[in-house]
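First comes the structure, then the notes that go with it.
The values are calculated or read from the model by the stated rules, or taken from the named source; none is laboratory data. Bear in mind that the values here come from a model prediction, so they are computed numbers and not experimental data. No Cβ is skipped: glycine too gets one built from the backbone with ideal geometry, and neighbour counts run over all protein chains shown. Calculation scope for accessible area: heavy atoms of the full protein, side chains included, ligands and nucleic acids excluded. Shrake-Rupley method; radii C 1.70, N 1.55, O 1.52, S 1.80 Å.
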Amino acid sequence: MNNNRRRFLAALGAAPLIMHPLARALADDMPASLRGTKPVWIPANAPLSRVPTNLPIQGRVVVIGGGMAGATVAKYLRLWGGSGLQVILVERERTYVSSIMSNLVLSDALTIESLTFNWKRLMDRYGVKLVAGEVTAIDPAGKRVMLNGSSIPYDRLVVAPGIEFDPVAGLETAAAQDRVPHAWKAGAQTTILRKQIAAMPGGGVFLMSVPKAPYRCPPGPYERACIVADHLKRAKPRSKVIVLDENPAITVEKDLFTHAFNVVHAGVIDYRPGVGVQSVDAAAGTVKTSSGEMIKANVLNVIPNQRAGAILKEAGLTNSTDGRWSTVNELTYESTAAEGIHVLGDSAATMQPKAGHIANQEAKVCADVIVRGFLGLAPDPAPVTNSACYSPITAKTASWLTALYAYDPASKRMKPIAGGMGEGPASARNMEEMRQWFSNLMTDSYA
Ligand SMILES: Cc1cc2nc3c(=O)[nH]c(=O)nc-3n(C[C@H](O)[C@H](O)[C@H](O)COP(=O)(O)OP(=O)(O)OC[C@H]3O[C@@H](n4cnc5c(N)ncnc54)[C@H](O)[C@@H]3O)c2cc1C
């Protein structure tokens with residue numbers, strides 16, 4: 001086990017003790033009124049009674065989206081901000097289905113139910129207020145979000161809406177989208193894709209596409225190819241998996257996935273780099289590739305290109321140079337287009353991967369920034385985040401990848417720390433560690 005890995009596993013396995021911002025602030029320039037406050041350590045999963053009641057914060061933060069980033073920031077704002085900091089979480093779905101691990105539903109290794117979470121513990125333990133509904137507009141000048149014909153005022157707003165998909169020619173209707181599911185937001189589409197795979201004949205063809213980077217979960221599509229190939233070997237002998245990758249090459253863990261495609265799943269996975277999807281005929285079950293080739297398959301799984309959640313575009317906050325993502329101050333996650341609005345998770349344009357683990361990390365940095373802001377304190381000048389990803393390669397083995405990021409004051413960006421990257425080949429032990437990692441991550445975000 002190398003040092004990076006040991007550090008990473010230690011961080012995951014340790015009891016999730018989180019230093020209260022006031023304790024951290026003592027090391028900084030604490031205002032006179034707060035001097036003398038003792039540093040306190042609060043367990044991450046502290047019950048409501050442990051939410052501090054004596055902090056001099058009065059304010060309201062509205063959070064849009066209860067996914068990996070939104071749930072985590074809501075919890076930690078209450079935990080660190082105390083009972084005077086009202087946190088309202090607005091979510092349009094009734095439950096949250098984790099996309100993380102959802103590829104394993106396709107091979108029947110997991111059920112959708114086992115990946116389904118809700119916000120009850122955030123409400124009961126931490127006093128987060130949940131509002132069911134879809135935010136349709138943001139008024140930065142009036143500091144309000146609009147939903148269900150009414151509006152909610154805020155002092156600070158956190159927007160964490162995940163991703164939106166680009167349209168695919170031929171998949172304009174809901175019926176066509178059900179016939180050719182992307183299953184890249186876990187839920188109903190994952191179940192449809194699972195059923196289609198179950199109905200495939202032996203010797204059939206499963207065709208999937210890899211979207212153009214940047215997209216949600218860089219290793220995810222390659223992981224899906226491996227999981228489906230491994231499953232088909234057993235359940236549907238002689239079947240093939242065709243992978244059309246719009247990118248010029250495998251975007252992450254290149255050696256590992258090259259080995260998986262060419263050795264572990266040799267003869268099953270047909271990987272084609274630099275080939276995109278031009279259009280789809282859902283009824284005929286065909287895809288026209290960017291090179292004009294027509295391919296017929298029993299199951300089509302086209303994963304469209306991606307951009308920031310729709311509410312950010314509607315609010316005029318998709319200000320990256322390509323107009324697809326939201327640019328943020330990477331120290332605070334505050335939008336560079338609007339004061340007082342923070343953007344987290346997949347929608348934010350940072351050098352960190354679009355991943356659930358990073359969304360959780362960004363959320364904690366942002367909660368700390370907001371709490372400090374209410375106290376009149378400057379942000380932590382040196383935040384560090386960590387990303388981890390396990391990828392099942394077969395039913396019994398998984399690979400792993402981890403990276404550490406630190407704020408670089410010169411470029412004002414969160415950059416990978418030299419020597420902080422690590423990856424490891426598929427093993428049974430990683431599969432077991434993957435389950436522990438997922439359980440810890442979801443507990444930290446939802447419980
Ligand atoms: C197959 C697959 C495997 C993956 N594996 C991993 C992995 O191993 N490790 C990893 O770290 N990441 C993984 N990911 C990526 C991970 O799921 C995402 O990066 C993560 O969910 C992003 O979190 P988020 O909070 O930005 O968005 P989400 O988790 O998608 O949450 C967004 C939430 O906002 C809500 N919302 C959106 N707009 C509105 C609105 N206007 N009003 C109200 N609510 C709204 C949505 O309903 C949703 O609940 C995987 C993804 C996929 C698809």
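Things to note:
- Long-range neighbours under 6 Å by Cβ, at least six apart or interchain, first residue in a helix (DSSP H, G or I) within the range 425-447, second open to solvent by 20 Å² or more (accessible area, probe 1.4 Å) and aromatic (Phe, Trp, Tyr): TYR446/PHE117
- Subset of the range 178-192 (residues that are open to solvent by 70 Å² or more (accessible area, probe 1.4 Å) and without any contact (Cβ under 8 Å) to a residue 60 or more places away in the chain): ASP178, ALA188
- Residue match in the range 344-362 (condition: surrounded by 19 or more Cβ atoms within 10 Å (Cβ to Cβ), more than 30 Å from ILE227 (Cα to Cα) and touching a Gly at 6+ places or on another chain (Cβ under 9 Å)): no
- Of all the residues in the range 147-176, those that are within 16 Å of the ligand (Cβ to nearest atom) and farther than 23 Å from CYS366 by Cα number 7.
- Options VAL210, VAL205; residue that is open to solvent by less than 40 Å² (accessible area, probe 1.4 Å), among the aliphatic types (A, V, I, L, M) and within 15 Å of the ligand (Cβ to nearest atom): VAL210
- Verdict on GLY422 being open to solvent by 50 Å² or more (accessible area, probe 1.4 Å), modelled with pLDDT under 95, out of contact with any Gly (no Cβ under 8 Å at 6 or more places or on another chain) and not aliphatic (A, V, I, L, M): no
- Looking across the range 107-128, the residues that are within 14 Å of the ligand (Cβ to nearest atom) and either open to solvent by 30 Å² or more (accessible area, probe 1.4 Å) or touching a Ser or Thr at 6+ places or on another chain (Cβ under 7 Å) (or both) come down to ALA109, LEU110, ILE112, LEU115, THR116, PHE117, ASN118.
- Just one of the listed residues (ASP380, ASP444) is within 16 Å of the ligand (Cβ to nearest atom) and out of contact with any Phe, Trp or Tyr (no Cβ under 8 Å at 6 or more places or on another chain), namely ASP444.
- The lone exception for GLN58 - which of (1) open to solvent by less than 10 Å² (accessible area, probe 1.4 Å); (2) away from the ligand (no atom under 15 Å from the Cβ); (3) modelled with pLDDT of 85 or more it fails: (1)
- Applying the condition of being buried (at least 24 other Cβ atoms within 10 Å of the Cβ) and at pLDDT below 95 to the range 79-97 and asking which residue is farthest from VAL369 (Cα to Cα) yields LEU79.
- Looking at VAL302, VAL277, just one residue is open to solvent by 20 Å² or more (accessible area, probe 1.4 Å), more than 28 Å from TRP437 (Cβ to Cβ), touching a residue at least 60 places away in the same chain (Cβ under 8 Å) and β-branched (Val, Ile, Thr), and that residue is VAL277.
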